[in-house]
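Computed from the coordinates by the stated procedures, all read-outs in this text should not be read as laboratory data. As the structure is a computational prediction, the values presented were derived from the model and not from experiment. Glycine also receives a Cβ, built like all others from the backbone with ideal geometry; neighbour counts cover every protein chain displayed.
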Amino acid sequence: SCVSSDGSKSHRKRSKVTVLKGLLPGEDSVRSAAEQALKQFGNSVDEPIQLVDLGNVQSQIQLWKKHLPNVRPHYAVKCCPNKQIIKQLRDGGCGFDCATMQEISTVLELGVTPADIVYSHPCKPRSHIAFAKSQGISLMSFDNDVELRKVAAVYPEAQLLLRVVCEDSSAQCPMSLKFGAKRDTWATLLDIIQELQLNLAGVSFHVGSGCKDPETFEPALADAREVFRMASERGMKALRVLDIGGGYPGDRAGYEEIAPVIAEKLARLFPESEFPELTRIAEPGRFFAANSGHLLTKVYAKAKLPATDGSGEQVCRYYLNDGLYGSFNCIIYDHVAVLPEPIRRVDGEEVPCALFGPTCDGFDVVLEKHRMPELEEGDWILWRNMGAYTSAAGCNFNGFPLALSWYYRLPAYDADRVSGDLSLSDAGVDTTDGRHGSVPPRLIGSRLGRHGGCCSDVKFE
Ligand code: PLP
């Protein structure tokens, strides 16, 4: 029951997880998940569907531990604030990297303890710092003197991480233009910390999201070590936290390549023998989320027009139910190239097409020029590895909803590992996350009701 002790009706909804059984070795589990989700909901929903592979979240935790066992990952919530993903990570022993009061609230509401949170935004509104204080979240980063004075006024007990700048020009999303203290400011910042009697807990850095070169960790770690030396030279209390940030790829092969290199550098620059008490943490977001989400979009409208290049060909214009203002904002902000995979196996020659997002904005173009066999209105398209920095940064422009979440896992990760309020069943489209279910609740509620009533305990407005 969702009636709480004070008698009020809770809006909490239970999510369900599909276990993909009967997969043959080598079979494409993402496509199977897509087909199963569409079998259950394809004809009845007009919203995009995010397939969330909770088993992948678990296997990523194991993969992380394989190469960086002494570095505790703090999931960067900004990357995909999906509550079921957060719960998997919480249960898997991860901490959390939050950048705002809202992200802090999200994880606290899911039972995460304040000590497991690093407040990683180097530039924070005063009200958010005060909130962190009220919740007992003390570990937070900074990279400038103004921030130090603000912290001194609002939360002088905070445990500070000096975020040093990194050379990150080869990263998919560099950050050094905006964040990180330059070397020539470190001494002054340490002076101010001593003068204001603040607590320096350690050092953090971020080599840029989508880091392509593990060698960028070498100067970053050397810089961190230099700050440790400078603090010690000034007689400051021994630094006890090293935060090696994000930057890790979401695909297994990419991580297997980069992580051992990072581990070697870490062991050399911060050896256990010399820093036995040091807490080593990281802030991976993409690593956990990227391959844990796959997107399904529907062709909800179509037009066929002569090509303007004089080729005499007809070009299909497909209008999808997700676009640049939704999940595909990743094309702009995360600089990714996306690839459509039609679900229905269509024979026939490839024809030129353009794929558009649903809004009235002419800029809302997902793929301007593409070729594939001709699709029809009602066809669905799969887009793989769309879990990181997709719906997290999407909006409801023009009234179009963000993707619904449909949860699944492979049998290897089923029943006994499921916890929290996840329940195994044959199907589930989640409406629990504000972001992931911002469609009119009535619509989804009635539809879910038709499919087994998993939301019968939900009060719809
Ligand atoms: N930590 C901070 C402070 C960030 O700004 C970000 C991404 O923007 C992350 C962690 C996550 O990094 P990644 O996307 O490389 O996993």
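Numbers below:
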read-out: Whole-Hz couplings from phi, Karplus 6.51/-1.76/1.60, listed for region 289-298; x for Gly and Pro; value: 8, 3, 8, 8, x, 10, 9, 10, 10, 10
read-out: Normalised contact order of the chain, rounded percent, pairs of Cα under 8 Å and 6 or more residues apart; value: 23
read-out: Amide H contacts of ASP97 (H built 1.01 Å from N, under 5 Å, at least 5 apart or other chain); value: TYR75, ALA76, VAL77, VAL118
read-out: Footprinting exposure proxy for SER204, SER134 (fewest neighbouring C-beta atoms within 10 Å first); value: SER134, SER204
read-out: Residues TRP64, TRP383, TRP186 arranged by fewest to most Cβ contacts within 10 Å; value: TRP186, TRP64, TRP383
read-out: 5 angstrom amide H check on VAL207, placed H, neighbours 5+ away; value: GLY246
read-out: Over 32 Å between alpha carbons, listed pairs LYS65/LYS369; LYS83/LYS302; LYS83/LYS298; LYS65/LYS212; LYS65/LYS237; LYS16/LYS65; value: LYS65/LYS369; LYS83/LYS302
read-out: Interchain or long-range residues, amide H under 5 Å from ARG72's placed H; value: ARG280, ILE281, ALA282
read-out: Full-extension gain in nm, ALA412 to THR279, via 0.36 nm per residue minus C-alpha separation; value: 44.7 nm
read-out: Whole-angstrom gap from region 307-322 to region 327-406, using each part's C-alpha centre; value: 15
read-out: Loop GluC sites (Glu not before Pro), region 303-359 (other Cβ atoms within 10 Å of the site Cβ: 16 or fewer; DSSP); value: GLU313, GLU349
read-out: Mean separation of Cα contacts under 8 Å, 6 or more apart, over the residue count of region 123-248: relative contact order %; value: 26
read-out: Dipole magnitude (debye, nearest 20) for the chain, charges at Cβ of Lys, Arg, Asp, Glu; value: 1160
read-out: Percent RCO, i.e. relative contact order, over region 223-330, from Cα pairs under 8 Å lying at least 6 residues apart; value: 23
read-out: Separation of the ARG183 and GLU109 label points, Cα + 7 Å toward Cβ, nm; value: 4.5
read-out: Rounded tilt (10° steps) of 441-450 against the dominant C-alpha axis of the chain; value: 60
read-out: ³J(HN,Hα), Karplus 6.51/-1.76/1.60, whole Hz, each residue of region 228-233, x for Gly, Pro; value: 4, 5, 4, 5, 5, 4
read-out: Under 15 Å from the Cα of LYS78 - aspartates and glutamates, other chains or at least 8 residues apart; value: ASP97, GLU103, GLU283, ASP334, ASP433
read-out: Shape call, region 309-353: gyration tensor on alpha carbons, a/c limit 1.5; value: prolate
read-out: Prolate/oblate/rounded label for region 191-313 (Cα gyration tensor, a/c 1.5); value: prolate
read-out: Region 38-66-region 230-300 distance, computed between alpha-carbon centres (Å); value: 24
read-out: In sequence order, calculated HN-Hα J values of region 379-387 (Karplus, 6.51, -1.76, 1.60; Hz; x Gly/Pro); value: 6, 10, 10, 9, 10, 7, 6, 10, x
read-out: Those aspartates and glutamates that a straight Cα-Cα span of less than 14 Å connects to LYS66, excepting residues fewer than 8 apart in one chain; value: GLU256, GLU257, GLU264
read-out: Sum of -39500 (n - 2.57) over DSSP H runs of 4+, divided by residues of the chain (222 nm, nearest 500); value: -8500 deg cm²/dmol
read-out: Distribution of pairwise C-alpha distances over the chain, 20 Å bins, in %; value: 23, 51, 23, 2
read-out: Region 54-290: C-alpha gyration tensor shape, a/c 1.5 cut-off, then a/b vs b/c; value: oblate
read-out: Using a Förster distance of 41 Å, the FRET efficiency for ARG317-GLU27 (Cβ separation, nearest 0.05); value: 0.75
read-out: Sequence of ARG90, ARG252 once ranked by neighbouring C-beta atoms within 10 Å, starting from the fewest; value: ARG252, ARG90
